1. As an exercise, use a Förster radius of 30 Å and the Cβ-Cβ distance of D57 and K156 to find the FRET efficiency, rounded to the nearest 0.05.
2. Subtract the Cα-Cα distance of D281 and T265 from 0.36 nm times their separation in residues, and report this length gain in nm to one decimal.
3. Using just the helices of the chain, give the 222 nm mean residue ellipticity in deg cm²/dmol: DSSP H runs with n ≥ 4 each add -39,500 (n - 2.57), and the total is spread over all residues, rounded to 500.
4. Between S226 and S33, how high is the FRET efficiency from 1/(1 + (r/R0)^6) when r is the Cβ-Cβ distance and R₀ = 30 Å? Nearest 0.05.
5. Given a Förster distance of 45 angstrom, what is the FRET efficiency for R108 paired with L256, based on the Cβ-Cβ distance and rounded to 0.05?
6. How large is the direction-averaged shadow of the alpha-carbon convex hull of region 161-241, in nm²?
7. For region 32-56 and region 223-260, what is the separation of their Cα centres, given in Å?
8. Given 0.36 nm per residue, what is the gain on full extension from I165 to Y324 after removing their alpha carbon distance, in nm?
Amino acid sequence: MNKKFSNCFVLFLSCILSISLLSGCARQIKPLSATGFYFDTVITITLYQPCEQELLDQCMELAEHYENLFSPNIEGSDIWRINHGNGDYVTVSEETLSLLSTAISYARLSDGLVDPAIGALSSLWNFGSGNQQIVPSKEAINDALLHTGYTLIEIKESSVRLSDIHASIDLGFIAKGYIGDRIREYLLSEGVTSATINLGGNVIALGQKPDNTPFKIGIQKPFEPSGTSALVLELSDKSVVSSGNYERYFIQNDTLYHHILSSQTGYPVDSGLSQVTIISDQSVDGDALSTLCFILGYEKAAQLLTDYPEVQAVFITTDGQIIYYNF
């Protein structure tokens with residue numbers, strides 16, 4: 001699957017996004033931070049106001065809760081049970097139904113370019129730390145494509161099934177955005193007004209810094225050492241999500257193979273882009289749109305985004321050109 005939730009997440013030091021905070025507040029407040037390992041990546045949540053550690057502990061419990069619902073690799077998760085349901089309906093949580101419904105809506109919008117039922121293909125490539133840098137055979141790719149397609153997912157009330165027993169769901173292109181939104185909702189419900197949520201490259205800036213200035217979020221420069229920023233965004237109350245071809249990849253015979261796969265060809269997408277960053281109100285939208293815009297390429301993506309006037313985007317082409325959209 002295009003972007004996440006397979007056993008192939010980047011290490012902490014190669015996160016797409018990094019957060020840098022300026023000092024100089026009128027009243028210095030020591031940030032309270034917690035780090036955990038979920039969704040096969042390091043996540044960090046930082047609060048910039050007086051809070052109890054229990055609040056951060058609860059955030060980590062939420063992360064674990066959602067991982068245990070959405071991961072296709074954890075036996076007993078909702079997605080695992082659907083994938084292993086042998087075509088039978090499986091009762092799942094309301095949260096899983098909500099995320100699946102949103103994922104399917106983006107699949108319909110994109111005519112299947114982003115696809116929550118791409119698991120047969122994404123597992124074949126298996127990008128990540130365990131990847132053996134082997135390009136699957138054309139025959140294996142063609143066979144996997146026969147068992148992909150969001151229309152294979154059938155929802156009936158609170159139950160879900162796959163009509164093809166060889167198909168599987170992989171929500172990597174959208175799940176972390178959904179989870180980030182839920183963690184933000186929890187923090188807001190607890191009165192938090194200044195925080196950052198970093199789910200391994202999906203960053204949410206909740207409110208502003210304590211000195212009432214925006215958070216500064218650095219966007220990683222493709223194929224450069226971690227922490228090398230291509231640009232810095234100043235944002236408040238926004239989600240920032242990047243998708244790119246420089247995080248999970250290998251090179252074979254002078255060809256770059258990366259984890260954002262085409263549901264049409266079965267091979268990594270070649271759209272003339274190295275990265276797309278989406279700035280949006282809801283991280284679930286940024287997550288899906290960043291992958292979709294990367295697949296589309298700049299011109300088609302810019303046309304798509306005219307339907308999202310509240311969304312901003314930054315495109316980095318394969319030759320290093322930076323294009324700002326709706327700034």
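The values are calculated or read from the model by the stated rules, or taken from the named source; none is laboratory data. Note that the coordinates shown come from a computational prediction; the quantities given were computed from them, not determined experimentally. Backbone-built Cβ (ideal geometry, glycine too); neighbour counts: all protein chains shown. For accessibility, only protein heavy atoms count, side chains too; no ligands or nucleic acids. Shrake-Rupley method; radii C 1.70, N 1.55, O 1.52, S 1.80 Å.
1. 0.20
2. Working it through step by step, the gained length comes to 2.5 nm.
3. -8500 deg cm²/dmol
4. The computed FRET efficiency comes out at 0.95.
5. 0.90
6. Reported value for the Cα convex hull: 7.9 nm².
7. 23
8. 52.9 nm
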